[in-house]
1. Among the residues that make up segment 200-210, is at least one of them surrounded by fewer than 17 Cβ atoms within 10 Å (Cβ to Cβ) and assigned to a loop (DSSP other than H, G, I, E, B)?
2. I need the full set of residues from segment 172-194 which are in a loop (DSSP other than H, G, I, E, B) and either touching a residue at least 60 places away in the same chain (Cβ under 8 Å) or within 12 Å of G155 (Cα to Cα) (or both), in order please.
3. Does G73 satisfy being in a helix (DSSP H, G or I), touching a strand residue (DSSP E or B) at 6+ places or on another chain (Cβ under 8 Å) and at pLDDT 95 or above?
4. Residue check: is S293 buried (at least 17 other Cβ atoms within 10 Å of the Cβ), polar (S, T, N, Q) and in contact with a strand residue (DSSP E or B) (Cβ under 7 Å, 6 or more places away or on another chain)?
5. Hey, among I32, I97, which residue is touching a Ser or Thr at 6+ places or on another chain (Cβ under 9 Å) and assigned to a strand (DSSP E or B)?
6. Which of (1) at pLDDT below 90; (2) outside any strand (DSSP E or B) is the odd one out, the single condition S249 does not satisfy?
7. Of everything in segment 110-163, what is β-branched (V, I, T) and either out of contact with any Pro (no Cβ under 9 Å at 6 or more places or on another chain) or closer than 17 Å to I97 by Cβ (or both)? Give them in sequence order.
Amino acid sequence: MRLVLAGWAAAIALAATSAAAQRYPDKPVRFIAPYAPGGATDLLTRTLAQKLTESLGQTVVPDNRPGAGGNVGAEIAAKSLPDGYTILLAPVSPMAINVTLYGKKLPFNPEKDFAPITLVAKVPLVIVVNLGVPAKTLQEFIALVKSRPGKMTYGSSGNGSSNHMTGAMLMSAAHLDMVHVPYKGGGPGMVALLGGEIDMMVAQIPSSRQLHMAGKVRALAISGAKRSASLPDVPTMMEAGLPGFEATSWYCVVAPAGTPKPIIDRLNAEIVKALNTPEMRQRLADDGAEVESSTPAELARFVHSEIAKWAKAVKDSGARID
């Protein structure tokens, strides 16, 4: 009798889930950005939210939840109801870097607590300094830092962010001694750089490109393997004298684990369609990002490989939560 009742309960639950998926979405969708307004994660979240609002027929609301290198927003998403009404624009940090950097302190498991939807974009980072720093090239900056060990500062969008890790990799590769200053996103970090609170910022191109072009900050090098079309005058780290140095940030969209597959498939289709419009591709390219979508299964494999890749980078760089 109990088995029969359990079977009926399962069938009813499945039917209810199927019906909910068919109606989806019938109310606004929350789209969490785990960094503060003004940074690259925030800008990408808002751009995608606008496109999804148009295609889904319901408002997709950006929700900034900064803190702990993206962990605060990611944890909120992981613990939300798996009904498709909470999704996360997840950067590389909470999905890959923080697994090693935070270890057992990480309050979620990127591979178990999220349902992958799609990869979104890859973007290199840029080393920028405030105009009070006299260095005009990366090598001049390295020489300046070495002449002032422990006296100069670099900012990032938070502990465990790709900005933080890239900065730590630079410290290790060039044998530099600088003080790391974490902020709750790229936006606050750039404000601090403009105000002279920090000497250097490892920034995302979207949050720094216009400032560099306006002559308000000075970009010294790009962390990608090739120059960015949006900053063609800025050399790569390798061109600037650090052979083999490459670090690329990326973004994906995930939902809480257990979100029904029909909803995941619908979100995947709508996001991929939005990403592949000429308008969206050009908009992201202008900000130095390369669109790269995926299936949910492909994203799962990618995240798994990135966790291993960044684990080595964290250990080799000696980076730690400070």
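1. Within segment 200-210 (the criterion being surrounded by fewer than 17 Cβ atoms within 10 Å (Cβ to Cβ) and assigned to a loop (DSSP other than H, G, I, E, B)), the answer is no, since none of the residues qualifies.
2. If the condition is that a residue be in a loop (DSSP other than H, G, I, E, B) and either touching a residue at least 60 places away in the same chain (Cβ under 8 Å) or within 12 Å of G155 (Cα to Cα) (or both), then M178, Y183, K184, G185 are the ones that fit.
3. Spelling it out, G73 is indeed in a helix (DSSP H, G or I), touching a strand residue (DSSP E or B) at 6+ places or on another chain (Cβ under 8 Å) and at pLDDT 95 or above.
4. yes
5. I32
6. (2)
7. V120, V123, V126, I127, V128, V129, V133, I142, V145, T153
Conditions (1) modelled with pLDDT of 90 or more; (2) within 22 Å of the chain's Cα centre (by Cα), marked per residue:
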site: M178; (1), (2): yes, no
site: K184; (1), (2): no, yes
site: E197; (1), (2): yes, no
site: M201; (1), (2): yes, yes
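The values are calculated or read from the model by the stated rules, or taken from the named source; none is laboratory data. These numbers come from a predicted model, not from an experiment. Cβ: placed from backbone, ideal geometry, glycine included. Neighbour counts: every protein chain shown.
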